[in-house]
Structure formats: C-alpha cells, structure tokens
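These notes are about the structure you will find just below.
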Amino acid sequence: MVKKPFDQIRGQVRQAVYGGQPQNASSRESLSIAREALSVATQAKDDHLLAQAAHMMANAMNVNELYVEALPYYRQAIEAFEQLGNGKLAARIRLGFITALMMTGQSREALLVGREASLMFTEQLDSASLAKLATNLGNVHKRLDDHERAMRYYSEAVDLFTQIGDERSLAKVYMNLGNTLTFLDRFAESEQMY
C-alpha cells in the first residue's frame, strides 16, 4: 500500500535532482520531498523503502551543497542496498558519495570508495558507470592538485563516453580536460579541449 505513493515520491525527487547545477527552487523542493519519503519509509518500517529514502536524502542534500549532511545518508544507503543484495545500485550510489567526500575534504576516502566502485563496475561490465567514476576520480585528483593523474582519469572518461556515445558527458569531460591542461601549461592542447 505504501509502495505506490513512495514510487511517486521517488519520481518527484528524480525530476528535481540534477547534479552539477546551481542550487535552485527545484533542488530545494527535492530535499523537502526526500524528507517526506524518509518519513513514509520510517513509518512503514520497510528496509527496502528505508534504503531508497536514504538514497534520495543523500542525492537531495548533495545537489543542495549539504555535503557533510549527505555523508551518513550515503553510508546508510550503500550498506542497506548491499544487505538487500543490490550491489549494483550500491556501487552506483558510490558515485555521488565520492563527490560528497571530495567536497568535504575527505579526498583520500573518496579514492578508496572509488576503488571499491571500480571493482564492482568492472565486474558488471558497466562502461557508463566506469566513465562517470573516471570523471569523479579525475575531479578528486584535480582537487588534490595532482593534475597529471587527473588528466589520465579524464582521458579514460573520454574514451569510455566516446564508446557509449554519451556526448553530453563527453562535453563536460573535455571542459575538465581543458582546465587541467591549463594547470599543466599545455595551452594549445587545452584550447583543443575547449
């Protein structure tokens, strides 16, 4: 009985949440909706709904730049989905977790989480998630001022996004590559990426 309204709530959060965009009314609304989902799941005492609600809360907080507050929800969602036997979703949740860790200055843990996700995505032959992971790891290394390693991860992401035909993500990675090459004083290559 709770599942149908909960699915509607999850759909509303997905529509409102789009990472990488500035905080806006839609992202703030997503947080309110995610809180409602958490309340419904808690009252239902359903482990699957609680896992989904934790995931919604983590995503909504991440896009609202509430990175510290998002961390426990990411941990809860990952652990819950692993216990429920959904390792594939737990691996994908780690993508957002990496960003939240990076934004809170926990880059070393972000790299460890990235290694775990990489093993899972490789095992699952999930090229799209591997490409997103390479982008995230490039971002972590860029934040650590390790521009050579960031460039290698971004280049890996370019190869993967090209293979799967994701041009929107490819454009974002080219921008990241352009910025990184600038830090390496490789201006002509940087201009090509832009």
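So here's what we get for this one:
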| read-out | value |
| --- | --- |
| Residue ID - farthest from Arg115 (Cα to Cα), chosen from residues in segment 142-194 that are open to solvent by less than 40 Å² (accessible area, probe 1.4 Å) and in contact with a Leu (Cβ under 7 Å, 6 or more places away or on another chain) | Ser190 |
| Residue in segment 95-108 that is of a type outside the set (D, E, K, R), in contact with a His (Cβ under 9 Å, 6 or more places away or on another chain) and more than 27 Å from Ala51 (Cβ to Cβ) present | no |
| Some residue of segment 90-98 being over 13 Å from the mean Cα position of the chain (by Cα) and either open to solvent by 50 Å² or more (accessible area, probe 1.4 Å) or of a type in the set (D, E, K, R) (or both) | no |
| Any hit, segment 131-141, residues being surrounded by fewer than 21 Cβ atoms within 10 Å (Cβ to Cβ) and among the small types (Gly, Ala, Ser) | no |
| Enumeration of residues in segment 68-89 that are open to solvent by 30 Å² or more (accessible area, probe 1.4 Å) and either under 23 Å from Asn139 (Cα atoms) or touching a Ser or Thr at 6+ places or on another chain (Cβ under 7 Å) (or both) | Val68, Glu69, Pro72, Tyr73, Arg75, Lys88, Leu89 |
| Pick from segment 120-130, criterion out of contact with any Lys or Arg (no Cβ under 9 Å at 6 or more places or on another chain) and under 21 Å from Ser155 (Cβ atoms), ranking: surrounded by the fewest Cβ atoms within 10 Å (Cβ to Cβ) | Leu125 |
| Odd one out for Ala117 among (1) surrounded by fewer than 24 Cβ atoms within 10 Å (Cβ to Cβ); (2) farther than 20 Å from Leu184 by Cβ | (1) |
| Pair list, Cβ under 9 Å, 6 or more apart: segment 128-141 residue among the acidic types (Asp, Glu), other residue modelled with pLDDT under 95 | none |
| Residue match in segment 59-76 (condition: of a type in the set (S, T, N, Q), modelled with pLDDT under 95, under 26 Å from Thr135 (Cα atoms) and in a helix (DSSP H, G or I)) | yes |
| Any pair with Cβ under 9 angstrom, 6 or more apart, that starts in segment 28-52 at a residue that is open to solvent by 100 Å² or more (accessible area, probe 1.4 Å) and ends at one that is not in a helix (DSSP H, G or I) | Arg28/Asn64; Gln43/Val2; Asp47/Leu84 |
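The values are calculated or read from the model by the stated rules, or taken from the named source; none is laboratory data. The model shown is predicted, which means the values in this text are computed figures rather than measured ones. Glycine gets a Cβ as well: all are built from the backbone with ideal geometry, and neighbour counts include every protein chain shown. Side chains are part of the model used for accessible areas, which takes the heavy atoms of the whole protein and leaves out ligands, DNA and RNA. Shrake-Rupley method; radii C 1.70, N 1.55, O 1.52, S 1.80 Å.
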